[in-house]
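Here's the structure we're looking at; comments come further down.
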Amino acid sequence: MNAAELQSSLVASFRRLEQEQNHRPWSPHHPLRRRALEAFQQLGFPTTRHEDWKYTSLAPVLRYPYRVELPPLPEPAALGAQLPALHGMPPVQLWLLNGLAHPEQLPAQVRFASFQTAGDSVPVGHILPVDSETFVALNTAFAPDVAVLSWRGHVPELCHVAVVTAPHGEPQLAHPRLSITVEPHARAHLLVGFHTAGQAPCLTNFVAEVSLAEHAQLDLVLWQTDPHDTFLITTIGVELARSARLRVWTVALGGALLRNNLYIRLVGPGADAQLFGATMVTGRQVIDHRTLVEHRVEQCTSNQLYKSVAEQEGTVTFTGRIHVYPGAQKTNAYQSHRALLLSPKATVNARPQLEIYADDVRCTHGATTGALDEDALFYLRSRGIPESRARALLLHAFVHEALELLPEEQLRQRADELIAERAHLPAESLS
Amino acid sequence: MAVQQDDILQQVTSAEYKYGFVAPIEEEIAPIGLNEEIIRYIWERKGEPEWMLEWRLRAYRHWKTMQEPRWAKVVYPPIDYQGISYYAAPKKRHVRSLDEIDPEIRRMFEKLGIPLEEQKLLAGVAVDAVLDSASVATTFKEKLAELGIIFCSMSEAIQKYPELVQKYLGSVVPYTDNFFAALNSAVFSDGSFVYVPPGVRCPMELSTYFRINAARTGQFERTLIIADEGSYVSYLEGCTAPMRDEHQLHAAVVELIALDGAEIKYSTVQNWYPGDREGRGGIYNFVTKRGICLGKESKISWTQVETGSAITWKYPSVILKGEGSVGEFYSVAVTNNFQQADTGTKMIHIGRHTRSRIVSKGIAAGRSSNTYRGLVRILRSADHARNYTQCDSLLIGSSCGAHTFPYIEVLNPTAVTEHEATTSKIGEDMLFYCRQRGISEEDAVALIVNGYCREVLSHLPMEFAVEAQKLLAISLEGSVG
Amino acid sequence: MEPILIIRNLRVAIEGREILRGVNLEVRPGEVHAIMGPNGSGKSTLAAVLAGREEYEVLEGTVLFEGKNLLEMEPEERARAGLFLAFQYPVEIPGVTMATFLRTALNEIRKVRGLEPLDPVAFLKLARERMEWVDIDPSFLQRSVNEGFSGGEKKRNEIFQLLLLEPRLAILDETDSGLDIDALKIVASGVNRMRSPERAFVVITHYQRLLNYIIPDFVHVLYDGRIVRSGGKELALELEERGYDWLRPDSEEVILPTVDER
């Protein structure tokens, strides 16, 4: 199969689903879905000639005859045991199984609704226009459900959403979708983990729309540590109102091909967004981060720190854009991508971008690539630490920097362990 | 240099574009439009050998299959490639000595501050003057010939040194490279040719002065510089054009070849007519410049000061093939009013221990758009390659845009790349400090901008640095207050 | 003699907050006025407004400089008319050499004084002579303005500029802050050398220390946006002993312990 064939097979699936009147959650958004499908037909799958996909070819992803219809679903309870990646993690409070929402025990101040229960009052496309990009269009056309989470007041507990794609004997394409609202002055902590269960190839096309009201705060952790050779594309759009504060940590270690699109819109003065990424690729893994931070109004701040390590034949790509709109004076925006390239067959691509239409701004970006600091290595060895251990320590410290500010102790520790494992650093070396 | 700065600032209090006159020179102009007949016409007029016709036609046929690139951050209405003339040359140009030059041409170049009489020239600068499509005068030829240095027009080189031209023309920028390079390959009419023999250090700056004079013409010059083993040459390029309401197309190609241990320093002060304050007229400057460090320990250094043109699309690049070779790019790009610039460089590291350095200073004022676009590519073979990039943008006023789009591709674990960029406005504190010492706001802006660009300007030869400083001040006039 | 500077009922705000709440001051040629006051009393605001910083809003009042309305003049016009501010925090200007900067400034000022511009040779001669007065190495002329200068070098550089530009009225904004005693003496000797019957100084300082070396004719205390007390040089000593709190306008002679007593 190739991209064109997959495209027509998906269009055919859409027509089939459309006719299945008993497909309950389908109907409320039917006109929107149609529009999205049209957009998908027009946009098609991007190739590397598309500027946004210059460094990441989807060819290995698009060669499977994916099924979009929901396969028989496993029991969430059973899944927990099946997914080793959940080991050492907080309990799951909401499952998105092949895109269908199954709430468990959610914190009291977190309201939950879904397509299945709330129908067309569920907001869709308000932050990510349905026809803006192929994968958003595709998700809008096919998402079997939209899980809506809204926070009111300060909720100290972490809310854990597990996105699981579980193929049933044949390649599966899943369209999980989240809609998140943090109400004025509310504070939310959210962990979204991405997992797969089953043997067949699967592609998860995740979309989330996030709205932060005035003075709202969200800490969002994206946990991408799937040990299988799976494909994951995420597109998250966040809009921040006045004085809202967003922090996102992306822990990207797993999967065969992983692409994260993180679109941040600062629309209220005083809003602040901080994005952090810890990425390690090995084998033939491809991890591609794209960020866009739009400073649409004055006096907003943003900061991005991505640390990446490429080993073996892995590829890391970072494309980060800071876009300052006309009139967005007193903008302060910072972005940094630091990468270590550790093997002669690995690749690092970086495109830090500034697009600036206001003059009273301070915008900076930096990008470096290189090997481990030989001086630091020598220093450690001169203190009696064996070279391999010294390398591991430095590697761990390098990646860890992106996670330093992660407030959840449990997650930070777990991430540290995973990074240490990748760096071949014995766990007891972590303090 | 520093003490001259305020003199310069005093000189430029009221000037707008001062090179905007049209000289009454009799010219032969090709019929409007582009087809194989026109290419034959150019080829015949220039009396070129047969292989050049084939070369041109191959490029033309390829060009017809190509699309104009649209990825740059510049906006302009479609160019009617059939609406312009591809060849214009002064009628009286076959001269044996400088005394025979058409007095009108001589007067025009004098008005531009480029005297063609050798005795009047600043010591150490040899000039090749290119008017519209044709080279009209090359000075100091004999003196250079004593050292074995060839400095002549491209037309002459095709006649006299076909083996060198055939070997190197299109070897760095093949006609398939891009739309404008293909167009240039098909229709280029003249330009400069330089060959520096092994071990020779060219004792003077070689300079070409480009001038578009005729209306409804495009200028398509081609420059080829070959620095043989262990040689050194510094080459300067300046350019101006009359003020016209229409846009004029300039699509040049420059190729540099540095063999073992050779060094080429190429400096440009680009001051094509930028259009008026409302964005009417101005040159479309679509230029392909590329050098190859073919030999080991060779070096190519580009320095550019871009103040002119309505649109600039230009990425002087270096292919670092020879082991230990060095590429440099120093750039100041100023845009004001409705000017648009999308400029930067490419450093392609192939050889081991290759090094590159990029320093770019963009200044945007008025309603202009100023983009840095650059590529640093470290191939698998480029062990221990190094790149350092610093690109800064300065915004003057809130209606302009400054953008930075670097591409960094690293495939070798022993390589180190570093890229830093900042965008900010001109410091209010700096302005106030200058004004408290009695310096006017406009002069303070010019002073601060010159300081901001100093690292780049310091790489220009003296005469050019002075001219460049003047241009910076003129270009930013009316941008404050 | 006619005053150089007359400030009448000057009220100034920044970002809606009133900082100067009715300042009155007259400075005559040959006089040295010290303005003292605690942090936040408005001392630096007064200096900034006189030099023409645009972010301050003048709510009321007039300032006459040699009979002209100072508040209507651009910052560079004030400088050319002979008003000089030694900055508390001198600004770094990368890539612009001291020589270029100062020759540009000096020739602008000479122009309004009806003098010929100085050529580079004459300029260098004059600059070197004045640099010696404040013990600055002539190599500084080829360095970027204030860039990489130490705190003390920046302050001495301000005084060097004062010596070079020969203003009618010099305002020194906390020039003593961060200086060790030797640097302080150098700065003071530079200033004293410039004292003349035609020239006046306004020395803004938090501490009395500088006034041991630059002896003022008058001392004013700025407190909460107003000059609450004026006197001779002995007032500075009194302030050094008693602090500022006893001068609080709403507390008549309430004696609070000064820092030293605690």
When the label point is put 7 Å from the Cα of C:Val112 along its Cα-to-beta-carbon vector, which residues of the range C:66-92 have a backbone N closer than 13 Å? C:66-85
For the range B:24-428: span of alpha carbons on each principal axis (Å, largest first): 57, 51, 46
Please report the antiparallel percentage of the DSSP beta bridges confined to the range A:3-268, to the nearest 5. 10 percent
With no solvent and one point on each alpha carbon, what is the Debye value of log10 I(q)/I(0) for the range B:336-376 at q = 0.18, 0.21, 0.31, 0.35 Å⁻¹? -0.59, -0.69, -1.05, -1.17
Cβ-Cβ cut-off under 11 Å around A:Gln42, Lys and Arg +1, Asp and Glu -1: the net charge is -1
What per residue convex hull volume, in Å³, do the alpha-carbon atoms of the range A:258-409 yield? 124 Å³
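Count the DSSP beta bridges whose two residues both fall in the range B:24-428, then state the antiparallel fraction as a percent rounded to the nearest 5. Kindly include the intermediate steps, with their values, before the conclusion.
Details: 12 of 137 bridges.
The answer is about 10 percent antiparallel.
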Which value, in nm² and rounded to one decimal, describes the direction-averaged projected area of the C-alpha convex hull of the range C:1-137? 10.4 nm²
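Classify the protein assembly as shown: rounded, prolate or oblate, from the alpha-carbon gyration tensor (a ≥ b ≥ c, eigenvalue square roots; a/c under 1.5 rounded; otherwise prolate if a/b is larger than b/c)?
Cα axes put the protein assembly as shown in the oblate bin.
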Compactness of the range A:375-431 as Cα Rg over 2.2 N^0.38 Å, two decimals: 1.15
Mean separation of Cα contacts under 8 Å (at least 6 apart) over the residue count of the range A:3-268, i.e. the relative contact order in percent, is 16 percent
What translational diffusion coefficient, to the nearest whole µm²/s, does the range C:74-134 have by Stokes-Einstein, given a Kirkwood radius computed over alpha-carbon pairs, a temperature of 4 °C and 1.567 mPa s viscosity? 100 µm²/s
Just to compare against my own numbers: the Cα pair-distance distribution for chain C, 10 Å bins, whole % per bin, please. 7, 29, 35, 22, 6, 1, 0
How far apart, in nanometres, would the label points at C:Glu2 and A:His168 be if each is projected 7 angstrom from Cα along the Cα-to-Cβ direction? 9.9 nm
Tensor-based shape of the range A:3-268 (alpha-carbon gyration tensor, a/c under 1.5 rounded, otherwise prolate or oblate): rounded
Label-point separation in nm, B:Gln166 to B:Arg280, each point 7 Å along Cα→Cβ: 5.1 nm
Tell me the chymotrypsin sites (Phe, Trp or Tyr not before Pro) within the range A:174-260 that lie in a loop according to DSSP and have at most 11 other beta-carbon atoms within 10 Å. none
How would you classify the range A:196-290 from its alpha-carbon gyration tensor, with a ≥ b ≥ c the square roots of the eigenvalues: rounded for a/c under 1.5, else prolate if a/b is greater than b/c, otherwise oblate? prolate
If I model a spin label at B:Arg380 and B:Gln159 as a point 7 Å from the Cα along the Cα→Cβ vector, what separation in nanometres do I get? 5.0 nm
Counting protein heavy atoms only and a 1.4 angstrom probe, how many square angstrom of accessible surface do chains B and A bury in total, to the nearest 100? 2600 Å²
How large a share of the accessible area of the protein assembly as shown, in percent, is made up of carbon and sulfur atoms when the probe is 1.4 Å and the other protein chains stay in place? 49 percent
Can you say what percent of the DSSP beta bridges in the protein assembly as shown, counting only those with both residues inside, are antiparallel? Round to 5. 20 percent
Send over a whole-number figure in Å² for the accessible area per residue of chain A, probe 1.4 Å. 37 Å²
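Please give the FRET efficiency for A:Ala118 paired with C:Asp245, using the beta carbon to beta carbon distance and R0 = 51 Å, rounded to the nearest 0.05. Please list the in-between numbers first.
Details: r = 65 Å, r/R0 = 1.27.
For A:Ala118 and C:Asp245, the calculated efficiency is 0.20.
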Entries of B:Lys299/B:Lys425; A:Lys330/B:Lys289; B:Lys141/B:Lys167; A:Lys307/B:Lys289; A:Lys330/C:Lys111; C:Lys125/C:Lys233 with Cα pairs more than 26 Å apart: B:Lys299/B:Lys425; A:Lys330/B:Lys289; A:Lys307/B:Lys289; A:Lys330/C:Lys111; C:Lys125/C:Lys233
Buried accessible area between C and B, both sides, 1.4 Å probe, in Å² rounded to 100, is 2700 Å²
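How much net charge surrounds C:Met1 when only other residues with a Cβ under 14 Å from its Cβ are counted (Lys, Arg +1; Asp, Glu -1)?
Working: positive: C:Arg28, C:Arg168, C:Arg199; negative: C:Glu2, C:Glu26, C:Glu31, C:Glu66, C:Glu198, C:Asp217.
Charge balance in the 14 Å sphere: -3.
The values are calculated or read from the model by the stated rules, or taken from the named source; none is laboratory data. Since the model is a prediction, treat every value here as computed from it, not as a measurement. So basically every Cβ, Gly included, is an ideal-geometry build from the backbone, and we count neighbours across all protein chains shown. Accessible surface areas use protein heavy atoms only, side chains included; no ligands, DNA or RNA. Shrake-Rupley method; radii C 1.70, N 1.55, O 1.52, S 1.80 Å.
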